[in-house]
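The values are calculated or read from the model by the stated rules, or taken from the named source; none is laboratory data. Treat the numbers as computed from the prediction; the structure is a model and nothing was measured. When we count neighbours, we look across all protein chains shown, and the Cβ atoms used for this are built from the backbone with ideal geometry, even at glycine. Areas reflect the complete protein model, heavy atoms only, side chains present, ligands, DNA and RNA absent. Shrake-Rupley method; radii C 1.70, N 1.55, O 1.52, S 1.80 Å.
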Amino acid sequence: MKAEKDLVLGLKKGDSEALSMIYDQYYEGLYFYLLKFTSQKDLVQNAVQDLFVDLWASRSKLGEINSLKGYLFVSGKRKLYHLIKSNKKKQIVDLAFPTVVDGMLFQYSQEDFLVEIETNEERKDRLLTAINRLPSRQKEAIYLRYYEKLNLEEISQIQGIAYQSVLNNLQRALHTLRSNPLIVNLFEWAIFAFICLA
């Protein structure tokens, strides 16, 4: 697996193999991340495809990319937003303002974070219920940090908020989860074994 910097450099030089490697390496994570915002799989697939087409078309104009994954997540989210907005027959979801998406429920597949730690369905359901009660920014931060394993700077870039705000959101989310009586025992042994705020 090539390093991100090598892939970006190859892409900027017009190396189609670099684009292919970026696609192979990031498509799945990007696809499942965007599905957290809409259940319309066709729109998500179109957003991801459009993103990679545009990435190739504008490769010579790309600036410095510190985190390729972060760049793709931000761009993918933007693409999805524009597709949803332009699709007048579909429900418009404004991804830029968390108050609009406060009611959204993240759907976590079996491959998602924490499920591999605890397969007990009752405990998993309690944890996911607690996570889905968090404000949207906190839910997204939890997902990006502990499932996508992004660092706080990358999350800050993706969410378009300050580093300290990301840290605050994560700390508030973890505090809320820790204080939830339905999951406190699960949280203590599973979450703290699995995560740390770097």
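Some notes on this structure:
- Test: residue 78 is closer than 20 Å to residue 139 by Cβ, open to solvent by 50 Å² or more (accessible area, probe 1.4 Å) and among the charged types (D, E, K, R): yes
- Selection status of residue 6, open to solvent by less than 70 Å² (accessible area, probe 1.4 Å), of a type outside the set (Ser, Thr, Tyr) and at pLDDT below 90: no
- In the range 34-64, of all residues being touching a residue at least 40 places away in the same chain (Cβ under 8 Å) and touching a Gly at 6+ places or on another chain (Cβ under 7 Å), the one that is least open to solvent (accessible area, probe 1.4 Å) corresponds to 34.
- Pick from the range 138-153, criterion aliphatic (A, V, I, L, M) and out of contact with any Lys or Arg (no Cβ under 8 Å at 6 or more places or on another chain), ranking: nearest to residue 65 (Cα to Cα): 144
- Selection within the range 22-46 - acidic (Asp, Glu) and more than 16 Å from the chain's Cα centre (by Cα): 24, 42
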